[in-house]
């Protein structure tokens with residue numbers, strides 16, 4: 001048995017793409033023509049710097065001066081992958097107290113669920129949903145006074161120019177207060193959780209401009225900025241002065257601790273203004289320059305200077321842009337081309353600073369909390385699966401190593417439910433405890449994601465070392481998938497049966513049968529797992545093979561695939577055409593399966609485009625549809641879907657994918673956009689069409705480099 005195509009095809013297609021792109025792309029020009037300039041206060045246009053593990057988001061002043069004003073926009077967060085808080089479990093709740101038992105093939109299977117009311121089961125479920133929650137580590141703001149001593153308000157900022165230089169990872173803000181100029185430059189160190197900033201203004205020497213650090217308490221909020229400045233007595237901030245240019249602030253929140261170390265370069269004084277409030281001031285210079293490191297551990301090292309951080313930052317970002325995949329739309333004459341280019345460049349920047357760390361990212365990255373700051377493993381594909389295609393598979397390594405860290409919890413879940421192998425959780429914090437949910441605990445489409453991304457790492461480095469590193473998790477994932485499928489003794493067909501909720505979460509968990517995307521993903525995942533056994537000179541697993549070949553075909557009626565096999569009037573009844581049109585992920589996110597009829601899928605695509613309830617969709621749905629259209633060689637539909645004029649397909653000035661007033665940014669949209677663009681350009685194994693996702697009407701002279709074809 002072998003996969004649809006071999007690694008040789010990837011190498012061949014990559015060679016062809018290099019030949020077709022004979023003229024090297026001017027990467028610096030491409031990236032910098034998409035630099036961001038904000039010239040008025042806009043709470044949806046905050047700008048961030050970061051390194052994948054840590055990010056710092058700034059307002060129109062270049063720091064976090066007006067954090068209150070930005071709370072309902074793109075919030076001014078300071079967040080990290082290590083910065084979490086857990087409220088004490090004073091009632092000694094146990095996860096299984098939130099278990100709801102469902103019938104499955106003659107046995108009672110526990111699922112961590114949610115309960116209404118105030119009973120202990122509901123209290124336990126709420127506790128494990130809310131804990132741990134990600135911390136906003138602190139606010140760093142300009143403390144500015146006008147000549148009359150009153151504090152500067154956002155309306156007092158004159159002629160602002162808030163810039164993000166993408167090539168350098170540099171934020172600059174220039175503005176005036178009462179005619180006095182202020183300039184702020186900010187970098188995030190790419191190897192540590194540190195920002196360096198330089199503030200230059202006559203107001204510094206006059207004592208009217210200082211820098212203030214504010215430290216909050218934690219908030220168990222579903223969607224929230226992540227800080228509470230009112231509960232001043234519930235946490236501690238201890239100032240430790242090290243010398244005349246350095247200090248530490250020791251933070252304690254219940255049983256959680258972290259440190260903040262500050263170095264400043266001019267003659268200045270750091271003073272405690274109030275509880276959790278510290279101010280750095282100078283009257284001997286027109287500038288304040290500092291470095292600030294956040295750490296969960298004791299900080300002993302000397303912090304880099306601003307110049308050193310700048311130098312390291314410029315080198316790291318230059319390397320990133322020079323090695324990444326890029327797409328040049330400058331020779332295209334279609335009016336939509338510049339917006340595609342803007343979205344892909346800004347999405348590359350945002351996924352680098354938010355998604356490339358050691359944990360799967362939360363849906364709002366390191367900016368503000370969604371779902372308590374936890375991450376959703378069914379979204380991991382949308383956050384990170386594009387890195388392989390854009391020539392940065394190295395970002396996947398630590399994230400897959402995290403799965404190894406929670407492997408025991410996945411085994412425990414499978415065993416409690418009576419399954420073999422490992423069942424990966426859905427909504428989790430770094431410890432890997434699944435959060436109780438009436439939806440999330442029943443999802444299954446996150447299960448093959450590990451196999452998908454492990455295969456990406458193997459394709460990028462086809463070695464026995466890679467196979468040995470992840471074989472246990474790949475095989476245990478396949479064991480669960482094979483055991484979850486149920487054989488119908490009459491038809492000899494394996495089915496995916498309830499209780500389950502598919503990617504289109506509209507369907508009821510107790511009645512859903514054979515969702516098409518999940519069937520296709522089960523087939524693909526088991527096929528790849530068998531290939532891993534072959535590469536390791538192991539015999540094929542007979543159970544995997546029986547399930548792989550015996551899976552039910554997706555059900556169709558009137559030449560349209562149904563959302564689930566037992567769907568009532570699936571694409572006739574409008575109430576069923578809501579949420580994610582994941583039926584199109586069956587071919588798009590995944591390659592062709594011999595149980596898929598491409599013409600029926602083409603009909604399904606057209607019905608979805610015509611009749612779907614688009615306002616109910618989410619940001620990753622548009623690239624999913626575009627990928628299906630691309631594999632069906634329907635480039636006009638691919639472009640229409642990718643740029644569909646729907647609120648949840650909005651990309652703000654800062655590149656973030658806006659969803660709603662509640663969820664102002666949504667990084668699965670950015671990752672999905674990059675995944676779709678790479679497929680539209682580089683195609684997939686066995687594809688012989690150049691730029692298959694773009695019309696051949698003479699308007700799309702698309703050039704690209706360093707993209708890897710999809711599976």
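The values are calculated or read from the model by the stated rules, or taken from the named source; none is laboratory data. Only a predicted model underlies this, so the values are computations on that prediction, with no experimental measurement involved. Here the Cβ positions follow ideal geometry from the backbone for every residue, glycine too, while neighbour counts run over all protein chains shown.
Summary of computed values
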quantity	calculated
Selected residue (only one of 604, 630 is in contact with a strand residue (DSSP E or B) (Cβ under 8 Å, 6 or more places away or on another chain), under 20 Å from residue 684 (Cβ atoms) and surrounded by 20 or more Cβ atoms within 10 Å (Cβ to Cβ))	604
Residue match in the range 482-492 (condition: in contact (Cβ under 8 Å) with a residue 12 or more places away in the chain, in contact with a strand residue (DSSP E or B) (Cβ under 8 Å, 6 or more places away or on another chain), surrounded by fewer than 18 Cβ atoms within 10 Å (Cβ to Cβ) and assigned to a strand (DSSP E or B))	yes
Residue match in the range 397-417 (condition: in contact (Cβ under 8 Å) with a residue 40 or more places away in the chain and not in a helix (DSSP H, G or I))	yes
In the range 97-106, residue surrounded by the most Cβ atoms within 10 Å (Cβ to Cβ) [restricted to those that are farther than 18 Å from residue 508 by Cα and touching a residue at least 24 places away in the same chain (Cβ under 8 Å)]	98
Per-region count, the range 199-223, residues in contact with a helix residue (DSSP H, G or I) (Cβ under 9 Å, 6 or more places away or on another chain), over 18 Å from residue 269 (Cβ atoms) and in a strand (DSSP E or B)	2
Qualifying strands (runs of 3 or more DSSP E) (wholly inside the range 94-161; at least 1 residues being closer than 26 Å to residue 498 by Cβ and in contact with a strand residue (DSSP E or B) (Cβ under 9 Å, 6 or more places away or on another chain))	99-104, 107-112
Residue match in the range 694-701 (condition: surrounded by fewer than 21 Cβ atoms within 10 Å (Cβ to Cβ), in contact with a helix residue (DSSP H, G or I) (Cβ under 6 Å, 6 or more places away or on another chain) and either touching a residue at least 60 places away in the same chain (Cβ under 8 Å) or closer than 18 Å to residue 335 by Cβ (or both))	yes
Tally of residues being in contact with a strand residue (DSSP E or B) (Cβ under 9 Å, 6 or more places away or on another chain) and part of a loop (DSSP other than H, G, I, E, B) across the range 493-514	15
Odd one out for residue 584 among (1) surrounded by fewer than 22 Cβ atoms within 10 Å (Cβ to Cβ); (2) touching a helix residue (DSSP H, G or I) at 6+ places or on another chain (Cβ under 7 Å); (3) not in a loop (DSSP other than H, G, I, E, B)	(1)
Residue match in the range 303-321 (condition: modelled with pLDDT of 95 or more and farther than 20 Å from residue 193 by Cβ)	yes
In the range 299-322, the residues that are exposed (fewer than 15 other Cβ atoms within 10 Å of the Cβ), within 29 Å of the chain's Cα centre (by Cα) and over 30 Å from residue 180 (Cα atoms)	315, 319, 322
Candidates 703, 648, 644 - the one that is under 16 Å from residue 341 (Cβ atoms) and either touching a strand residue (DSSP E or B) at 6+ places or on another chain (Cβ under 9 Å) or at pLDDT 95 or above (or both)	703
For residue 67: the one exception among (1) over 22 Å from the mean Cα position of the chain (by Cα); (2) within 30 Å of residue 157 (Cβ to Cβ); (3) assigned to a helix (DSSP H, G or I)	(3)
Hey, residue 670 touching a strand residue (DSSP E or B) at 6+ places or on another chain (Cβ under 8 Å) and assigned to a helix (DSSP H, G or I) or not	yes
Identity of the residue in the range 248-278, outside any loop (DSSP other than H, G, I, E, B) and more than 34 Å from the chain's Cα centre (by Cα), that ends up farthest from residue 203 (Cα to Cα)	274
Residue check for residue 683: more than 17 Å from the chain's Cα centre (by Cα) and under 22 Å from residue 332 (Cβ atoms)	yes
Candidate set: the range 107-120, residues that are touching a residue at least 12 places away in the same chain (Cβ under 8 Å) and more than 25 Å from residue 255 (Cα to Cα); chosen: the one surrounded by the fewest Cβ atoms within 10 Å (Cβ to Cβ)	107
Tally, over the range 224-251, of residues that are farther than 26 Å from residue 269 by Cα and surrounded by 16 or more Cβ atoms within 10 Å (Cβ to Cβ)	5
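Residue by residue, here is whether (1) in contact with a helix residue (DSSP H, G or I) (Cβ under 6 Å, 6 or more places away or on another chain); (2) under 30 Å from residue 638 (Cα atoms) holds:
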| site | (1), (2) |
| --- | --- |
| 284 | no, no |
| 291 | no, no |
| 300 | no, no |
| 306 | no, no |
| 312 | no, no |
| 326 | yes, yes |
| 331 | no, yes |
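Yes/no per residue for (1) at pLDDT below 95; (2) farther than 30 Å from residue 171 by Cα; (3) out of contact with any helix residue (DSSP H, G or I) (no Cβ under 8 Å at 6 or more places or on another chain); (4) not in a loop (DSSP other than H, G, I, E, B):
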residue	(1), (2), (3), (4)
10	yes, yes, no, yes
15	yes, yes, yes, yes
44	no, no, yes, no
88	no, yes, yes, no
